[in-house]
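Data first, discussion second: the structure below is written as C-alpha cells.
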Amino acid sequence: MASFRSVAATGLRAVYSRPALSSRLPALSRAASDAPATSSPSQPPAAKMGESGMVKQEGAAQGQPRHGPDYNAVMDYRTSNFSPIPMRVMDGSEPGEDTPAAVLSGAPIELQARTVRIYKPAKTATQSGDWNSHHWRMDWDPLTKGHRWENPLMGWQSSADFMQGTHLNFQTKEDAIRFANKQGYEFFVQEPNERRTIPKAYADQFVHSAKKLKQVRTK
C-alpha cells in the first residue's frame with residue numbers, strides 16, 4: 001500500500017512540473033512570426049503553411065514583371081553568318097509599269113540572293129517514256145557551308161535550307177524566266193540534250209561498207 005502511494009505521488013509531481021500546452025503555444029507562434037517576410041517581383045512567392053512546395057501559386061501582380069516581353073531583345077531576322085546576301089534588292093524602284101512581285105510577295109529578302117536553275121527533266125528509265133520531260137522545272141541550288149550537318153541520333157544528313165526540296169513546274173522556258181525576273185532571282189538556263197535517233201533496218205547488215213567494220217555482219 002505504501003508503494004502505491006509513493007508511485008502516485010511521483011506521478012503527480014511530474015504532471016505539476018510539466019508546463020501546460022496552452023502556455024507553450026505563444027512561443028511557437030512567436031518563433032514562426034519572427035521570420036523575415038520579403039516579397040520581391042523577381043522571386044516566386046513562398047508557399048503557405050500546409051501547401052505543397054512543388055506547386056507555385058502567383059497572382060497577376062507577381063507574374064507580370066517576370067513573364068513580360070523583353071522589348072530590348074535583338075532580332076536577327078532569321079539570318080546567320082552563312083546566309084547569302086543579295087547583290088540587288090527589288091524595292092519597287094525598278095523601271096517598268098508593273099511592280100515586281102518580290103516587293104509584294106512577303107518572301108524573305110535572302111531569297112533574292114539565291115540562284116535558281118531552269119532546266120527540262122530528262123527522260124526516266126521506266127516504261128512511262130518521256131511523260132515527265134514535257135515541262136520545264138525550276139529549283140534552287142543547295143547552300144553549302146553552314147546549312148548542313150549530320151544528325152547525331154540516326155546519322156541522317158540534315159539541312160537548314162528551307163528551299164532545298166522545293167521546285168516549280170512551268171509549261172515553257174519563257175514562263176520560268178519571266179517568273180524568275182519578277183521575283184528577283186538570279187537564274188541560269190540548262191538546255192536539254194536532244195536525243196538523236198538513228199533509223200535502223202535489217203537490210204543495213206548486207207550493205208557494202210568501205211571503212212573497217214565495227215561489228216561482224218553476216219556474209
Treat the range 117-219 as a sphere of radius equal to its Kirkwood radius over Cα pairs and apply Stokes-Einstein at 10 °C in a medium of 1.306 mPa s; give the translational diffusion coefficient in µm²/s, rounded to a whole number. 86 µm²/s
Of Lys120/Lys182; Lys120/Lys212; Lys123/Lys200, those spanning more than 28 Å from alpha-carbon to alpha-carbon: Lys120/Lys212
Taking placed amide H atoms and a strict 5 Å upper bound, the residues 5 or more places from Phe187 or on another chain that come that close are Val116
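Where a number appears in this text, it was derived from the coordinates with a stated rule and is not lab data. This one's a predicted model, so the numbers in the text were calculated from it and none came from an experiment.
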